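**Student:** This is the structure I want to talk about, given as structure tokens.
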Amino acid sequence: MNKLLQLVLVGTTTLILTIKPAFADNVSKIQQYLSGTMSLNARFTQDVTAKNNKTQTSTGQLSLLRPGKFRWTYEKPYPQEIISDGKQVWLYDADLAQVTIKPVGKALEASPAAILAGDNKLETNFNITNLPSRAGRDWIELIPKQNDSSFARIRIGFSDNNLNLLELDDHFGQTTKIQLKQITRNQAIDSKQFNFIPPNGSDIIRE
């Protein structure tokens, strides 16, 4: 997994209504959902479409416990995991037997996982805008305030009482779509699953 794809899964969250009153409904709806989400389990499908329209698809399982704890497991086509215990983030590539460890602050700054597993300060890193409804979903858009962010914009789609689609555009013409399915929200989750011990023989890289 390249570093851009690793960044898809790390960050902080809350929506501030810095938009025109006529556009408040979608933002309010998603804000209430995020503020009320303490834990979440879901299956996911991730499609990464390059500028040449070639698409790479990955599938797996997501678990999160706010604030800051999550486990994002890629099952296909390559087994990989991204785990945060709220203090540091482990990026584990099973094929390479390699573990990259980052402080949680460095890994989470202005990144998409801010939306799901953060601490309700999304407005610190993003400008928030309402978008028209599309394909049966309500939408908002997040634009990073920092020019050095890996993503140019992030769109959040909401339907069936769940946040279930993220669309992320990077600066190289690549779009990542993450669809969540089989969502269970605010059920008990064992916090031990957000701890990670690198397997014996793994190459450890600290950033």
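The values are calculated or read from the model by the stated rules, or taken from the named source; none is laboratory data. Source: prediction; values computed, not measured. Note: ideal-geometry Cβ built from the backbone for every residue, glycine included; neighbour counts use all protein chains shown. The accessibility values were calculated without ligands, DNA or RNA, using every heavy atom of the protein model including side chains. Shrake-Rupley method; radii C 1.70, N 1.55, O 1.52, S 1.80 Å.
**Student:** Suppose we keep only residues that are part of a strand (DSSP E or B) and open to solvent by 30 Å² or more (accessible area, probe 1.4 Å) within the range 142-168. Which one would you say is nearest to Ala50 (Cα to Cα)?
**Tutor:** Arg153
**Student:** While we're on this one: Assess whether Ala188 counts as being open to solvent by 20 Å² or more (accessible area, probe 1.4 Å) and free of Cβ contacts under 8 Å to residues at least 40 places away in the same chain.
**Tutor:** Criteria not met by Ala188.
**Student:** It is to be established whether one or more residues within the range 169-184 are assigned to a loop (DSSP other than H, G, I, E, B) and either among the hydrophobic types (A, V, I, L, M, F, W, C) or touching a strand residue (DSSP E or B) at 6+ places or on another chain (Cβ under 6 Å) (or both).
**Tutor:** Scanning the range 169-184, I find at least one residue that is assigned to a loop (DSSP other than H, G, I, E, B) and either among the hydrophobic types (A, V, I, L, M, F, W, C) or touching a strand residue (DSSP E or B) at 6+ places or on another chain (Cβ under 6 Å) (or both), so the answer is yes.
**Student:** Something else now. Restricting to the range 174-185, name every residue that is open to solvent by 60 Å² or more (accessible area, probe 1.4 Å) and either of a type in the set (Lys, Arg) or in contact with a Phe, Trp or Tyr (Cβ under 8 Å, 6 or more places away or on another chain) (or both).
**Tutor:** Within the range 174-185, Lys177, Gln179, Lys181, Arg185 qualify.
**Student:** Something else about it: Considering only residues that are part of a loop (DSSP other than H, G, I, E, B) and at pLDDT below 90, look in the range 120-140 and name the one that is most open to solvent (accessible area, probe 1.4 Å).
**Tutor:** Across the range 120-140, the extreme among qualifying residues is Lys121.
**Student:** So, one more: Of everything in the range 191-207 that's closer than 17 Å to Lys87 by Cα and either basic (Lys, Arg) or assigned to a loop (DSSP other than H, G, I, E, B) (or both), which residue is most open to solvent (accessible area, probe 1.4 Å)?
**Tutor:** Residue satisfying both the conditions and the ranking: Arg206.
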